[in-house]
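Report on the following structure.
Derivation of every value follows stated rules applied to the coordinates shown; laboratory data play no part. A quick note: this is a predicted structure, and the numbers were derived from the prediction, not measured. Here Cβ is always computed from backbone atoms with ideal geometry, including for glycine, and neighbour counts include all displayed protein chains.
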Amino acid sequence: MNGHCAIVTGAARGIGLATADLFHELGWRVVLVDRDSEELDFAATQRPEALALTLDISDPEQVDEMVSRTLDWAGRIDALVNNAGVAEFGPIESCDFAMWRRVMATNLDGIFLCSQACTSALKETQGSIVNISSISGLRASTLRVAYGTSKAAVIQLTKQYAAELGDFGVRVNCVAPGPVRTKLAMAVHTQEIIDAYHDAVPLNRYGTERELAEAIVFLASPNASYITGQVLAVDGGFDSTGVGLPALRAAHAARA
Ligand SMILES: NC(=O)c1ccc[n+]([C@@H]2O[C@H](COP(=O)([O-])OP(=O)(O)OC[C@H]3O[C@@H](n4cnc5c(N)ncnc54)[C@H](O)[C@@H]3O)[C@@H](O)[C@H]2O)c1
């Protein structure tokens with residue numbers, strides 16, 4: 001993939017950084033975008049081959065700057081990974097409008113803005129977009145009125161873009177991660193939530209950043225050339241199951 005260029009938002013740490021590293025391993029040029037300058041500087045010092053841009057993807061002017069600086073640097077955009085996200089959990093009655101807007105501004109407006117701004121460059125390369133949703137966008141749960149709604153909207157946004165950009169050879173897909181022990185998750189996953197995930201995930205564990213990166217980079221790459229408009233849950237089986245796993249495990253343990 002020499003010469004190909006990927007933009008990864010929210011790339012200072014977590015799933016975004018693992019995705020950027022995998023692109024680099026496969027020979028892509030990578031643009032790391034994040035608004036956390038301290039974490040981004042730290043990541044960028046160890047990755048001198050990457051272009052690091054400190055900016056906020058919920059601001060239209062900064063998004064335009066992201067595109068123009070990327071084109072100045074690489075001359076092309078082959079993949080956009082809309083990974084930057086924020087999680088704020090709380091009961092419906094304590095989710096005020098300010099919290100709702102903070103979540104929507106990054107998780108939904110940001111993806112719209114970055115995708116819009118990259119569309120023309122992606123048409124030139126017949127490139128692709130991978131949006132990062134969540135299992136919270138596939139199945140409702142408590143405390144996630146803003147987060148879950150923003151992530152469900154990302155799935156629909158993915159399909160809208162796939163429908164319109166297919167004619168230009170641009171593919172648009174979505175990855176819905178299950179629980180991964182990143183800074184974002186650990187800020188909102190109480191012990192109760194951690195236990196509940198273990199109960200509800202057939203593989204009975206959290207995923208790793210690298211496991212997410214493998215799926216994201218596959219969908220972004222020409223290896224997925226006939227896949228568009230899809231949502232891939234990378235979640236240890238969470239989305240495919242219903243009740244019963246703890247009882248099954250207890251029965252297995254009793255037999256062992
Ligand atoms: N970790 C999980 O369990 C999990 C589960 C489902 C979905 N996700 C999604 O995966 C994505 C990555 O999450 P993570 O767990 O690696 O989180 P993380 O907090 O480790 O990384 C997210 C990065 O995005 C950056 N960011 C946030 N808002 C931004 C903005 N407006 N502009 C620029 N940068 C911004 C943050 O500074 C941070 O570096 C998010 O979209 C998240 O919602 C994570």
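Computed over the Cα atoms of the chain, pair by distinct pair, the Kirkwood hydrodynamic radius stands at 18.6 angstrom. Every helix of 4 or more DSSP H residues in the chain counts as -39500 (n - 2.57), and over all residues that averages to -14500 deg cm²/dmol at 222 nm. Taking a ≥ b ≥ c as the square roots of the eigenvalues of the Cα gyration tensor, the range 147-256 is classed as prolate, since a/c reaches at least 1.5 and a/b is larger than b/c.
For Ser133, neighbours were defined as the other residues whose beta-carbon sits under 13 Å from its Cβ, and their charges (Lys and Arg +1, Asp and Glu -1) total +2. Exposure proxy ranking for Asp56, Asp167, based on other Cβ atoms within 10 angstrom of each Cβ and starting from the fewest, stands as Asp167, Asp56. Ranked by how many other Cβ atoms sit within 10 Å of their own Cβ, fewest first, the residues Met104, Met186, Met66 fall in the order Met186, Met104, Met66. Given a cut-off of under 8 Å on Cα pairs at least six residues apart, what relative contact order in percent is computed for the range 1-139? Over the range 1-139, the number comes to 25 percent.
The HN-Hα couplings worked out from phi for the range 153-165 by the Karplus form 6.51 cos²θ - 1.76 cosθ + 1.60 (θ = phi - 60°) are 5, 4, 5, 5, 4, 4, 5, 4, 5, 4, 5, 7, 8 Hz, whole numbers, x standing for Gly and Pro.
Counting neighbouring Cβ atoms within 10 Å and putting the fewest first, the residues Arg13, Arg101 line up as Arg101, Arg13. Averaging the sequence gap over all C-alpha pairs within less than 8 Å and six or more residues apart, then dividing by the number of residues, gives the chain a relative contact order of 18 percent.
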